[in-house]
Amino acid sequence: MIAESGHYALVLALGLALIQSIVPLVGARLRDAALMNVARSTALAQLLFVGVSFVALVMLHVNSDFSVANVYENSHSMKPLLYKITGVWGNHEGSMLLWVSILALFGGLVASFGNNLPLSLRAHVLAVQAWIASAFYLFILMTSNPFLRIVNPPIEGRDLNPVLQDIGLAVHPPMLYLGYVGFSISFSFAVAALMEGRIDAAWARWVRPWTLVAWIFLTLGIAMGSYWAYYELGWGGWWFWDPVENASLMPWLAGTALLHSALVMEKRNALKVWTILLSILTFSLSLLGTFLVRSGVITSVHAFATDPTRGVFILLILCLFIGGSLSLFAGRATSLKQGGLFAPISREGALVLNNLLLTVACAVVLFGTLYPLAMEMLADFKMSVGAPFYNLTFAPLFALLLLAVPFGPMLAWKRGDLLGVTQRLLAAGVAGLVVVAITWAWVRGGSALAPLAIGLGVFVIAGAVTDLVERTGLVRLPFATVLHRARGLPRSAWGTAFAHAGLGVALIGIVCETTWNSEYIATMKPNDVAHVAGYDLKLDGLFQRQGPNYREMIAEFNVSREGEAIRVMTPSKRSFTTRGSSTTEAALLTRGASQLYISLGDATEGAIAVRIYYKPLVLLIWWGPVLMAFGGVLSLSDRRLRVGAPKPARAKQRLQPAE
Amino acid sequence: MTLWFVFALMTVAAIFAVLWPLGRTSRAQDQGSEVAVYKDQLAEIERDLSAGLILAPEAEAARVEISRRLLAAAASEPATAPTSSLKWRRAAAVLAFAGLPLVAVGVYMPLGSPRLQDFPLAQRERGSGMAQSLENLVVQVEQHLEKNPTEGRGWNVLAPVLKRLGRFDDAVRAYRNSLTYNGESAERRSDLGEAISAAAGGVVTVEAKAEFERARALNADDPKANYFLGLAAEQDGRKDDAANMWRALLAKAPADAPWRALVQSSLARVGGGGTMPALSDETIAASKDMAEGDRNAMVRGMVDRLATRLKQNGDDVEGWLRLVRAYLVMGERDKAMGASADARQAVAGDTERLRQLNEGLRTLGLGG
């Protein structure tokens, strides 16, 4: 009954989405509030039914009901409970159900918290959202239905891909989807605005919190995914420029550009056409990512199953939405009114430069992702575009962008004073140069560019600090005033500083890890000692252990430094009987922001191949994005974004003491 | 019946979600407007100014700009009061009442299986003791042996099961343990050798050969050891030795030994003429029926492994010939033809190998 109820709930959600995509539009045309409000209640009901459907699938997985094909194919009765739950989205059908659940969640959020929107805009946004939802409900029901049944249920399931039986899977896909799908809201806003024909500064403010939410989750989702690859795949790498990774990076780049251009639109009513286009492109790239990952065009850990009908279906959805929205854009863009003017050197100018660099970087990644696919399909010629390509193209673009980052927030709107800003950033520049000099003197080996890149990172961080110092008047004003000004500073300013500093932090981590990581690969016998980066790792022995649905071989290492014991590290190799495959569980030892990393290779008669890495400051790579996401959260909590129509009284009260 | 009741309830809830806003009289709605946003922006300018974040002239400029937007927005604000169109609301209600259940049933019926009950595992395990799968049992035995590794009988039971499940490396370990705790025996030694060569994809490795030789030292008549030593000789290219060993084995074999057919077909493969004429296809097909059972499955497993190995690395002409021969022996002429076509394709780039292959295939009667 659980299975069938979940199935039926999903079908009802489709029915509601169909109604939601027509009735509110009629209402908006007739200016009928009741018809427009249908969007709201159907969006909430849709969320309820998709929720029921999702919970049903989770329960089926938890109960190991192998009469459901999806459970049989991806679960095993002896899997730990956590992985039974995460296994729900560890497969194609379930992950698509999660996708629509999050889509419905965002629809529900707009329905419940969209009180500050004009009624007709909300009706349009929810209707567009329902078009997307209908397309994906149909996709799920027709080609990837998670509720299909098996008449004679097998006794035991086929288990989940062991690589996916990991805590990373519990967090990474939902985060990433919250990001991917979150951009559907800015897409819906853009299409709604085009349909209504009203696009102005207010629109940008209404969209901003939604874009920000999506961006925060996407940032965290990408960082999580990268960390998962780092410790689970056992190669010690954290980014492979793999098409699937690129698929998530592209919406992030476009979304970041959108976040910044929406700022110009909100403040100056300029860049309107461009912002609308970016909203459409960002979600299109999310859809493209879904297509690449789900259609089986690319084989990877993410492409759970390949089925040509699915690919064709998603391709249809892709063409329909991207083509439709772009033609609507082409039809309406010319009628948009010109907004505020600005000099090339100004905050707006800086944000345009930011957009330019981000979109070009995004185009580079798009090219690097699609070109090999196109070559393979058209010319039957296999090639791969990897790190060397991106080092030559993506890296310089980003270096340029980072160099400009500290200038942006300090330039004034409309026309700025570049010389003045440069003077104020002098201290940050000097800090960067000093670090370059120190790094140059201190380290040996590695690329000559590395110290420069570290200096750039320090410059970005110091620039973010300088911005805060300037705004609060620290140094030049008395402390009490500084405190007062710091409190008066909009949270979004704090958010900007944190997010920009996060970029610098991540850059330093990336450069240190790639330049100075040391590696030790050998076959070790018990009581052998490896010396890596000043650490002594002694292999104490090899043990066998039985896990819930796997057997594992554990190697025990005693780690010491200069004779002083630090900790025992236990990397292992797990073999899963049901799938007949094995995974390596790397052991990590964190020292500050640096890590020791051991992963096991093949075992031969009492000896085992090991790879030991020492990765200096590697954790900064992920602390950076976390800092960026934190900045996003600060910015989101800014009262400006929360202020809707009904709250002017509070704002006035706040004003009083300041005068 | 309850299922249909739940469906009906859900449908009613969905219809209600559409009807609810339609039924409410339209009053002044809580809704935002652009005017509110611009007023808010003005307030923000004041706040920034008083906090000293921007200077007075900048604030003035911004204020002028926002005021201009405010005026424009106020002018374009829809002046008309919200209308209510009864006709369209009725249409929407009809859509909800008729359309929603129609779509729901129309989509669900061909896809769903409303007659099928849930089968949660907990309920099924109570239902029958048979539900324990082989894998579960194996895991239980393994867990038991993990704690009592010296229990020889357990290893004895476990090892052949592991081998049948295809976990050859584990089977090798289990046979070794069985030897340690149950003591030496020719049978166990040759079983171990068999597991080792199965793990090596059907190749009798040096290690496996050592085990078979030890088995033969313990019991010169051990059939499995003799058979595999013959196979080792064949794989080394010493076909006459292989034929002699197998002939000797057949001579001593009881008439009803289940492995007789296997040895006979092997003998036929190496062209063990003399006492045994090469078997015609019909006899092999007949012997195939006789040899139903474990041995047959074993051969098939080895052939499959060989086929997969060749699929990955197609350079091995000898391997291809062995595969084609095996298919012929098993009476699967289609597969043999298929394999020889694959083989030609795999070595097409190398004229020397292609020549060897064609020659070999001709001797098998597949030339051309």
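For this structure, a couple of remarks:
- Reachable lysines, given that their alpha-carbon falls under 22 Å from the alpha-carbon of A:LYS272 and they are not under 8 places away in the same chain: A:LYS337, A:LYS414, B:LYS39
- For region A:177-234 and region A:308-352, distance of Cα centres in Å: 15 Å
- Only Cα pairs under 8 Å and 6+ residues apart enter the sum, and on that basis the relative contact order of region A:166-404 stands at 21 percent.
- 3J(HN,Hα) couplings calculated from phi for region A:494-502 with the Karplus curve 6.51 cos²θ - 1.76 cosθ + 1.60 (θ = phi - 60°) are, in sequence order, 4, x, 4, 4, 5, 5, 5, 4, x Hz; Gly and Pro show x.
- Inter-part distance where region B:160-180 and region A:103-171 are each reduced to a Cα centre, Å: 46 Å
- Alpha carbon centroid spacing (whole Å) that separates region A:404-474 from region A:262-288: 29 Å
- Residue-averaged beta-carbon neighbours from other chains (10 angstrom radius) around A:38-44: 4
- Backbone geometry of region B:243-249 corresponds, through the Karplus equation with coefficients 6.51, -1.76 and 1.60 at θ = phi - 60°, to 3J(HN,Hα) couplings of 4, 4, 4, 5, 5, 4, 4 Hz, x marking Gly and Pro.
- Counting 0.36 nm for each residue step from A:SER518 to A:PHE240 and taking away their Cα separation leaves a gain of 98.2 nm.
- Classification of region A:458-579 by its C-alpha gyration tensor yields a prolate form. The axis ratio a/c (a ≥ b ≥ c) is 1.5 or more, and a/b outweighs b/c.
- Shown here for region B:219-265: chymotrypsin sites (Phe, Trp or Tyr not before Pro) in loop regions (DSSP other than H, G, I, E, B) with at most 10 other Cβ atoms within 10 Å, of which there are none.
- When the Cα gyration tensor is reduced to axis lengths a ≥ b ≥ c, the ratio a/c is 1.5 or higher for region A:27-149, and with a/b above b/c it is classed as prolate.
- Helical runs (DSSP H, four residues minimum) scored at -39500 (n - 2.57) apiece and divided by the length of chain A put the mean residue ellipticity at 222 nm at -21000 deg cm²/dmol.
- When you filter the chymotrypsin sites (Phe, Trp or Tyr not before Pro) in region B:135-176 for DSSP loop state and at most 16 other Cβ atoms inside 10 Å of their Cβ, nothing is left.
- Calculated [θ] (222 nm, deg cm²/dmol) that DSSP helices of n ≥ 4 give over chain B, each run adding -39,500 (n - 2.57): -23000 deg cm²/dmol
- Per-peptide packing, taken as the mean over residues of other Cβ atoms within 10 Å, places A:269-280, A:382-393 in the sequence A:269-280, A:382-393 from highest down.
- For region A:1-143, relative contact order (Cα pairs under 8 Å, six or more residues apart, normalised by length) works out to 35 percent.
- Lys, Arg +1 and Asp, Glu -1 on Cβ, resulting dipole of region B:296-363 about Cα centre, debye, nearest 20: 180 debye
- Taking a straight Cα-Cα cut-off under 14 Å and skipping sequence neighbours fewer than 8 places away in the same chain, the aspartates and glutamates within cross-link reach of B:LYS335 are B:ASP304.
- Computed over region B:296-363, the range of Cα coordinates on each principal axis works out to 36, 24, 16 Å, biggest value leading.
- Prolate/oblate/rounded call for chain A, Cα gyration tensor, a/c under 1.5 rounded: oblate
- ³J(HN,Hα) computed for each position of region A:320-335 - Karplus, 6.51 cos²θ - 1.76 cosθ + 1.60, integer Hz, glycine/proline x: 4, 6, 5, x, x, 5, 5, 6, 4, 4, 4, x, 9, 4, 5, 7
- The mean count of C-beta atoms from other chains within 10 Å of the C-beta of residues in A:15-26, rounded to a whole number, is 5.
- With a cut-off of 19 Å on the backbone N, the residues of region A:326-354 near the modelled label site 7 Å out from A:ARG415 along Cα-Cβ are A:339-352.
- Exercise: per-residue mean of other protein chain Cβ atoms within 10 Å, B:56-68: 2
- At an R0 of 30 angstrom, the distance between the Cβ atoms of B:ARG68 and B:ALA91 translates into a FRET efficiency of 0.10.
- B:ALA98/A:LEU326 FRET efficiency (R0 35 Å; Cβ-Cβ; nearest 0.05): 0.45
- Taking amide H atoms as placed 1.01 Å from N in the peptide plane, the amide H of A:ARG567 lies under 5 Å from those of A:VAL559, each 5 or more residues away in sequence or on another chain.
- Here, region A:302-453 has an Rg and a Dmax of 22.3, 60 Å when only alpha carbons are counted.
- Computed E for B:ASP304/B:LYS252 - FRET, C-beta separation, R0 30 angstrom, nearest 0.05: 0.45
- Each Cα pair under 8 Å and six or more residues apart adds its separation to the average, and for chain A the resulting relative contact order is 11 percent.
- The H on the amide N of A:TRP413, modeled in the peptide plane, is under 5 Å from the matching H of A:ARG347, each at least 5 residues off or on a different chain.
- For the listed residue pairs A:LYS382/A:LYS615; A:LYS538/A:LYS573; B:LYS163/B:LYS209; A:LYS79/A:LYS525; B:LYS209/B:LYS239, the alpha carbons are over 22 angstrom apart in A:LYS382/A:LYS615; A:LYS79/A:LYS525.
- Label point distance in nm, A:VAL633-B:THR2, each placed 7 Å from Cα along Cα→Cβ: 4.2 nm
Throughout, read-outs are computed from the coordinates displayed, never taken from laboratory work. Bear in mind that the values here come from a model prediction, so they are computed numbers and not experimental data. Cβ: placed from backbone, ideal geometry, glycine included. Neighbour counts: every protein chain shown.
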